[in-house]
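Q: Just dropping this structure here.
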Amino acid sequence: MTAPLIVLGLDGSEGAARALEWCRENATKLGAEVLAVHAYSLAAFTLPYYDIPSMAEAAEDAREELARLLDTEWTARLEGVPHRTAFVEGPTARCLLELAEKEGAAMIVVGSRGRGGFAELLLGSVSHHLAHHAPCAVLIVPGDRRREEEG
C-alpha cells in the first residue's frame, strides 16, 4: 500500500508558508508524502516583451530562481517529512488540479490570502477554484487574522 499524497501549493507567500507548516506538522502523522508544487507562467512575464531578448532572458532567470527557491528555501522546513517537488508551468489552480488527479492525491493544501468578499468574486482565487473542482479533499489554511488586521 502506498502512502497517501498531499499536494501542497507553494509560492513564497506567508499563506503558503502557513500551509507548509500544516503539512510539516501533520503529514508524518497521516503517513503521507508531500508533493510541493509551484506553478509558474513564463508567458505572463514574456508576452509583452517577446521581441526584447533581454526581457525574455530576465524572465528565464526569474523562472530558474523560483525553481531554486522551491527546491531549497521554500521546502527546507519539510526536512524529515517524505516529500518531493514539482515546478510546473501554467495557471496555479489548473496545475494543482491536474497534478492531484494524475498522482491520485488524497488532499490539496494551500494557504489563504484572506482576500474574500467582492474582490474574490471579481478576481477569483486559487483556493476558491480548488474547493469547487478538486478530485480530492482541499484544506485552505487561513492566514493570521490578527496580523492582517494590524497591517
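No lab work stands behind these numbers, since they all come straight from the coordinates. This is a predicted model, so every value here is computed, not measured. Neighbour counts are summed over all protein chains in view; Cβ atoms, including those assigned to glycine, are modelled from backbone coordinates with ideal geometry.
Q: Enumerate the amide H contacts of His83 below 5 Å, restricted to partners 5 or more residues apart or on another chain; note that Pro and chain-start residues carry no placed amide H.
A: Amide H neighbours of His83: Val34.
Q: Quickly work out the Glu101-to-Asp144 label distance, labels modelled 7 Å from Cα along the C-beta direction, and quote it in nm with one decimal.
A: 3.7
Q: Just to verify a number: FRET efficiency for Glu79 and Ala137, C-beta to C-beta distance, R0 = 25 Å, to 0.05?
A: 0.50
Q: Next question. So how far apart, in nm, are the two label points at Glu21 and Glu65 if each is 7 Å from Cα heading toward Cβ?
A: 2.6
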